[in-house]
Amino acid sequence: MQKAKQRRHITNLQWFNRILKWSYGRWLRKVYQIEARGLETIQTLRPPYVIVANHVSTRDPFWISSLLPQPVYWVGSDSNMRSSIMRWLLKLVGTIPKAKVIPDIETVNDIVHVIRKQQGIVGLFPEGAQSWNGETLPLVPSTAKLLKLLKVPVLRVIIRGGYFALPRWTWKRRKGPVVLDFSLLFSPEELNKLPVDEIERALIAGLSHNDFTDPVVKDRAYRSSRLAEHLELSLYLCPNCETFGSLRSLKNQLFCNTCGALWRVDPFYRLHTISAPYRSFASIGQWDAWQYGTVVTTAERVLRESPNHPVISDAGVLLLQGHKANPLRRIRTGTLVLFPDRLELATLSGERLAFPLKSLEGITVLKRHLLEFYQGRNLYQVRFPFRYMSARKWTDMMLALQNAILRATGPQG
């Protein structure tokens, strides 16, 4: 009885959803040139069911919901609910809060309750985060188990062109189409019959997508006078001089402050090298793959050869602390420094706050440029003073160092 009383009350107001679809939804469909395919699939479905979609932008749930006749209970990051206004708005549309990256049994209980008791529609992004390069990320492994547990129809939505229209690393949309492709991925009978590993394989295959190779959108132009602006939040490592955090953007150009390398981005997101004599790439995907490999090898090398030397640093950062959806409180300001075995904040008062990498979980980028991680039950958020400072640079290197430490010492090291 006590547990039932403490359950979060998730509601989704029909009247508020109708207002949103008539106002914000209509605006979204117009400005993002939404094209819908497979809508006849929706007409054959009746709640309860689950929606799974690839995740490319903050607009994804709104794009999809604007085309559905019933309200959707979207599972979203609890970080969006830290302000009282956003918490109020997201509760009105039935958002199911979840701590990013960290397993959350309360979220699973909410999903089960919405499906079984409220006969509602639950929306999931199995990647757990937005793509940085237009390609589907690895999926959260527990998603297949959840679908197996629920045993309701699973509607798949492939978002084509969403990365081109509003890349994760920018604040400004581009003019070009977004195509939403609806289809049934699993029936209840299939979920009941298939083992979890087969459900997972089918889910991975079903959500696999890359805007740069997608035949529907790859040859369509996405226009803006700021096509390259803030691309350095994603591509933070210069391929010409291999300097971390030296890239800057202006309008349609990306350049390196250290070596002077220069690239131009065209409306098809192709990279045109203006000046980069040592190494360059023609696509964001190629650059991203090289960047990831370089980060991994750098982490292994510094752990082996320079265990006490800083790897990367940024000055003027603000550190905040909180827990899940609770408001954050300011802790300190100073210079953030990453060593091979720890993260340190050198404060303005001379303190050094240390966070051993082995003790950190849930290392992630919130939205575009906020670094977050957990130490025990405490959530920490790092805010950078300038928009060109990449939080992804930090998460990639911290995770690579954690993996390198694990390989060097073993699970019990």
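Go through the stretch 245-279 and report how many residues are crowded, with 20+ Cβ neighbours inside 10 Å and either farther than 20 Å from Ala391 by Cβ or of a type outside the set (Ser, Thr, Tyr) (or both).
10
If you go through the stretch 340-360 one residue at a time, how many are more than 17 Å from Val317 (Cβ to Cβ) and either hydroxyl-bearing (Ser, Thr, Tyr) or open to solvent by less than 10 Å² (accessible area, probe 1.4 Å) (or both)?
3
Is there any pair linking a residue in the stretch 310-332 that is among the small types (Gly, Ala, Ser) to one that is in a strand (DSSP E or B) and modelled with pLDDT under 95, with Cβ under 6 Å and at least six apart or on different chains, and which?
Gly322/Leu379; Ala325/Pro97
When you scan the stretch 114-122, do you find a residue that is open to solvent by 20 Å² or more (accessible area, probe 1.4 Å) and in contact with a helix residue (DSSP H, G or I) (Cβ under 7 Å, 6 or more places away or on another chain), even just one?
Checked the stretch 114-122: no residue is open to solvent by 20 Å² or more (accessible area, probe 1.4 Å) and in contact with a helix residue (DSSP H, G or I) (Cβ under 7 Å, 6 or more places away or on another chain).
Which condition does Ala205 not pass, out of (1) open to solvent by 10 Å² or more (accessible area, probe 1.4 Å); (2) without any contact (Cβ under 8 Å) to a residue 40 or more places away in the chain; (3) under 30 Å from Ser313 (Cα atoms), if it passes all the others?
Of (1) open to solvent by 10 Å² or more (accessible area, probe 1.4 Å); (2) without any contact (Cβ under 8 Å) to a residue 40 or more places away in the chain; (3) under 30 Å from Ser313 (Cα atoms), only one is false for Ala205: (3).
Out of curiosity, is Thr364 touching a residue at least 24 places away in the same chain (Cβ under 8 Å), open to solvent by less than 20 Å² (accessible area, probe 1.4 Å), touching a Lys or Arg at 6+ places or on another chain (Cβ under 6 Å) and under 30 Å from Leu250 (Cα atoms)?
yes
I need every pair where a residue in the stretch 215-234 that is modelled with pLDDT of 95 or more has its Cβ under 9 Å from the Cβ of a residue that is of a type in the set (A, V, I, L, M) and open to solvent by 30 Å² or more (accessible area, probe 1.4 Å), sequence separation at least 6 or different chains.
Here the result reads Arg226/Leu250; Ala228/Leu250; Glu229/Leu250, each pair linking the stretch 215-234 to a residue that is of a type in the set (A, V, I, L, M) and open to solvent by 30 Å² or more (accessible area, probe 1.4 Å).
For the stretch 98-123, name all the residues that are among the aliphatic types (A, V, I, L, M) and either in a loop (DSSP other than H, G, I, E, B) or closer than 22 Å to Phe373 by Cα (or both).
Ala99, Val101, Ile102, Ile105, Val108 - these are the residues of the stretch 98-123 that are among the aliphatic types (A, V, I, L, M) and either in a loop (DSSP other than H, G, I, E, B) or closer than 22 Å to Phe373 by Cα (or both).
The values are calculated or read from the model by the stated rules, or taken from the named source; none is laboratory data. These numbers come from a predicted model, not from an experiment. Counting neighbours? That spans all protein chains shown, and the Cβs are built from the backbone with ideal geometry, glycine included. Protein only, heavy atoms only, side chains kept; ligands, DNA and RNA dropped before computing areas. Shrake-Rupley method; radii C 1.70, N 1.55, O 1.52, S 1.80 Å.
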